[in-house]
Amino acid sequence: MIHDVPTNTWDLELEELFLQTGARFCRVEARRRMRDYVRGLLGPVGRKNSWQLAEYAGHATPHGLQHLLSHSRWDADGLRDDLQAYVAEQLGRADGVLILDDTGFVKKGTTSAGVQRQYSGTAGRTENCQIGVFAAYATTRGHALIDRELYLPKSWTGDRERCRAARIPDERTFATKGELARDMILRALASPLPIAWVTADSAYGQDSCFRRFLEDTKLSYVVAVPKSQQVNGPRIDHLITQAPPEAWQRLSAGPGAKGERFYDWAAARLPAVAESDGGEPTRQRWILARRSISKPDEIAYYLACAPLAATIADLARVAGCRWKIEECFQSAKNECGLDQYEVRRYVGWYRPITLAMLAHAFLAVMAVQEREKGVSRPTHPTSWTSRQPKSVVCWQLNPAAILHAATTR
């Protein structure tokens with residue numbers, strides 16, 4: 001990806017990004033080291049640790065870059081804020097989607113902040129690892145990681161001496177992954193990022209407190225839930241089995257590596273959301289199902305809260321956006337060394353992670369500038385509402401199926 005961009009354009013854009021973020025580094029030495037570090041993350045370095053990044057930058061030893069990550073005085077949260085402003089300027093759109101997920105970083109030993117044997121979705125098994133909760137921002141222009149928090153298990157927060165050894169602040173108490181996600185959502189709402197939707201996997205979506213939080217903040221959402229999720233009593237998978245054949249329609253969940261990702265979708269409206277100020281409802285709750293075309297037994301389930309004018313195509317698009325954070329994790333790890341840091345302390349985790357996110361956002365912006373020439377935006381098909389619902393929910397019927405049935409009678 002790096003060599004596809006003209007050198008002059010690359011250098012000009014990167015220099016502009018450095019100017020936007022340089023104020024977070026009070027000393028000139030820290031600013032220079034930050035630039036060398038980010039250039040190394042973007043460069044052809046085999047393993048992006050301090051030793052190899054220092055060699056790439058022409059440093060005699062890695063001590064300067066190690067000092068940048070561990071002891072130098074600069075504000076990683078302030079740099080995160082600059083990153084969000086940069087992504088808002090370059091990728092922001094009114095229909096932006098905020099995506100929440102976590103990823104694991106396999107580590108050895110017991111002294112790295114937050115490390116313990118715990119389940120890692122990245123590895124697909126229990127590993128000795130750190131877990132980071134992340135937020136990504138996605139629009140039709142592109143997507144990038146924009147926030148991060150280190151998850152600290154109770155085995156850490158309940159041992160203050162261990163926390164102090166890893167330089168974890170005393171005020172940092174135990175917080176669930178959902179609570180960390182809520183903090184990041186509030187920060188995103190306070191940032192320049194225009195956000196219309198939130199999506200997340202079932203680890204977050206099944207939490208009723210998380211969904212209520214989104215509704216209270218007036219955010220629309222499409223979140224995955226397990227098949228056992230209860231919806232006003234019945235399980236969601238039992239409700240979906242009641243969907244008439246006409247309720248299923250083939251829609252794209254967005255473009256993938258091999259073109260549009262088509263699935264069969266069914267959705268039903270639930271009672272509208274009563275607004276806290278006593279006004280007329282402006283949002284509608286939904287249940288949603290995504291069925292594989294090649295393997296019809298594979299069905300994913302979602303709960304949604306959306307504007308009254310939203311269609312199934314809108315919900316499918318937002319549900320499909322969740323995979324973009326997986327793409328962010330993969331590209332940030334492969335291209336920018338997101339998982340190749342070698343630090344143990346709490347502050348030391350946030351610094352290389354934030355710098356890798358900055359490098360990844362730069363790559364995302366450069367890629368958009370290269371491919372966003374003459375791209376036409378697809379139109380979204382509308383959905384029809386059944387006039388005679390036969391269940392407690394209101395199924396959204398496929399117009400093509402209705403037309404076919406009418407012309408074959």
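We did not get these values from a lab; they are worked out from the coordinates using the rules stated. Fair warning: this is a prediction, and the values are worked out from it, not measured in the lab. Neighbour counts are summed over all protein chains in view; Cβ atoms, including those assigned to glycine, are modelled from backbone coordinates with ideal geometry.
Here are the numbers for the structure shown:
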read-out	value
Derived scalar couplings ³J(HN,Hα) [the stretch 125-133; Karplus, 6.51 cos²θ - 1.76 cosθ + 1.60; whole Hz; x for Gly, Pro]	6, 6, 9, 7, 7, 9, 10, x, 9
Tilt relative to the chain, helix 76-91 - C-alpha long axis, 0 to 90 degrees, to 10	50 degrees
Projected label distance in nm at Leu19 and Gln330, using a 7 Å step from Cα toward the beta-carbon	3.6 nm
Lysines whose Cα lies under 24 Å from that of Lys154, excluding same-chain neighbours fewer than 8 positions away	Lys107, Lys108, Lys177
Extent along principal axes [Cα atoms of the chain; Å; largest to smallest]	81, 53, 44
Amide H contacts of Gly96 (H built 1.01 Å from N, under 5 Å, at least 5 apart or other chain)	Ala196
Length added when fully stretched, Ala367-Phe174, from 0.36 nm per residue minus Cα-Cα	65.6 nm
Built amide H within the under 5 Å cut-off of Arg148, gap 5+	Ala135
Gaussian network model of the chain, springs between alpha carbon atoms under 10 Å - residue of Asn232, Asn49, Asn334 with greatest fluctuation	Asn232
For Ile168, residues with placed amide H under 5 Å, excluding near neighbours	Tyr346
Pairwise label distance in nanometres, Ala190 with Glu29, each label 7 Å out on the Cα-Cβ vector	3.3 nm
